[in-house]
1. For the stretch 62-100, which residues satisfy the criterion of being closer than 24 Å to R32 by Cβ and over 12 Å from the mean Cα position of the chain (by Cα)?
2. Any idea which residue in the stretch 55-107 is modelled with the lowest pLDDT, counting only those that are of a type in the set (S, T, Y) and over 24 Å from M45 (Cα atoms)?
3. Does the stretch 101-117 contain at least one residue that is farther than 17 Å from G36 by Cβ, without any contact (Cβ under 8 Å) to a residue 60 or more places away in the chain, among the aliphatic types (A, V, I, L, M) and surrounded by fewer than 17 Cβ atoms within 10 Å (Cβ to Cβ)?
4. Residue check: is F120 surrounded by 15 or more Cβ atoms within 10 Å (Cβ to Cβ) and out of contact with any Ser or Thr (no Cβ under 6 Å at 6 or more places or on another chain)?
5. Quick check on the stretch 17-35: of everything there that is out of contact with any helix residue (DSSP H, G or I) (no Cβ under 9 Å at 6 or more places or on another chain) and surrounded by 15 or more Cβ atoms within 10 Å (Cβ to Cβ), which residue is modelled with the lowest pLDDT?
6. Do we find that M45 is out of contact with any helix residue (DSSP H, G or I) (no Cβ under 6 Å at 6 or more places or on another chain), surrounded by fewer than 22 Cβ atoms within 10 Å (Cβ to Cβ) and modelled with pLDDT of 95 or more in this structure?
7. Taking Y127 as meeting all but one of (1) assigned to a helix (DSSP H, G or I); (2) at pLDDT 90 or above; (3) within 16 Å of R93 (Cα to Cα), write down the number of the exception.
8. Could you list all residues from the stretch 28-77 that are farther than 16 Å from A154 by Cα, part of a helix (DSSP H, G or I) and of a type in the set (G, A, S)?
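The values are calculated or read from the model by the stated rules, or taken from the named source; none is laboratory data. As the structure is a prediction and not an experimental result, all values here were calculated from the model. Here the Cβ positions follow ideal geometry from the backbone for every residue, glycine too, while neighbour counts run over all protein chains shown.
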Amino acid sequence: MIDRQGFDKAKGSCIQERSERCLIFGYGNPARGDDGLGPALISQMEKGPELQGVTLDSNYQLTVEDSWSIARHDVVIFVDADTSTDLPFYFKRVEPTSEISFSSHSVKAEVLLGMAESLFGKTVRGYFLGVRGYQFDMFKEDLSPEASANLEKAKDFLYSVLKSDKALKFDGDLRDYATTKPNPKEVKI
C-alpha cells in the first residue's frame, strides 16, 4: 500500500509504482561561460519537440535531493561541460557507487545513482554526456562559439538516440561517436 507521500509500506521504500522512462539532467553554472553547457542543452530541448517518456531538469550542481528524481526513472543522462576531451562531446556509462562522499557543494553522479538504489530501492542506468567547453570566465553568461557548435552536435546525437526504437540498451562508451557517427539505431542507451 502506498501512502500520500509515496511511501510503499510493504516494500519499505518511497518509490511509486509508476516509473518514468528517462531523465536528462543538465548541470553547470551559466554565469561561468561554457560551464553552462548542461543547462543550455536542457533549455534548448525544452523549446524543441516533445519526447515521450523524457523528463528534462537542470541545476547549478548535483545535490543529494536529486537522488529522489533519479529514482523515479529507468535511465538518467547527466549532461555537463567537460575539458578532458578534444572531441566535441562524448557519451559514456556511469556506474553507481555505494561510497557516499560529498560536500555541500559537490556530489558525483555515481553517488546519486548509488543513493537511488540504497535509499529508494531503484536501480537506474546512468550515462554521462560530456560536452567540450573552452571558456569558463566568471560572470560571462554566453557560450563560446566553439562550445555552441559542440552543443548542437551533442543535442543532435541525443535526439537521435532518444528517438531510436532500440533505446535503453547501450552499455559502453561512445567517445568515437563525434567523428565516426554510427547509425543511431546502433547506438542504444
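1. Correct list: T63, V64, E65, D82, T83, S84, T85, D86, L87, P88, F89, Y90.
2. If we filter the stretch 55-107 for residues that are of a type in the set (S, T, Y), which is where we start, we get 55, 58, 60, 63, 67, 69, 83-85, 90, 97-98, 101, 103-104, 106.
Filter again for over 24 Å from M45 (Cα atoms), leaving 84, 97-98, 101, 103-104, 106.
Details: S84: 91, T97: 92, S98: 82, S101: 65, S103: 60, S104: 56, S106: 74.
If we take residues in the stretch 55-107 being of a type in the set (S, T, Y) and over 24 Å from M45 (Cα atoms), then S104 is modelled with the lowest pLDDT.
3. Taking every residue of the stretch 101-117 in turn, none turns out to be farther than 17 Å from G36 by Cβ, without any contact (Cβ under 8 Å) to a residue 60 or more places away in the chain, among the aliphatic types (A, V, I, L, M) and surrounded by fewer than 17 Cβ atoms within 10 Å (Cβ to Cβ).
4. Numbers: surrounded by 15 or more Cβ atoms within 10 Å (Cβ to Cβ): yes; out of contact with any Ser or Thr (no Cβ under 6 Å at 6 or more places or on another chain): no.
Judged against the criteria, F120 is not a match.
5. R21
6. On the way: out of contact with any helix residue (DSSP H, G or I) (no Cβ under 6 Å at 6 or more places or on another chain): yes; surrounded by fewer than 22 Cβ atoms within 10 Å (Cβ to Cβ): yes; modelled with pLDDT of 95 or more: yes.
Considered against the rule, which asks whether it is out of contact with any helix residue (DSSP H, G or I) (no Cβ under 6 Å at 6 or more places or on another chain), surrounded by fewer than 22 Cβ atoms within 10 Å (Cβ to Cβ) and modelled with pLDDT of 95 or more, M45 comes out as yes.
7. (1)
8. Result: G33, S67, S69, A71.
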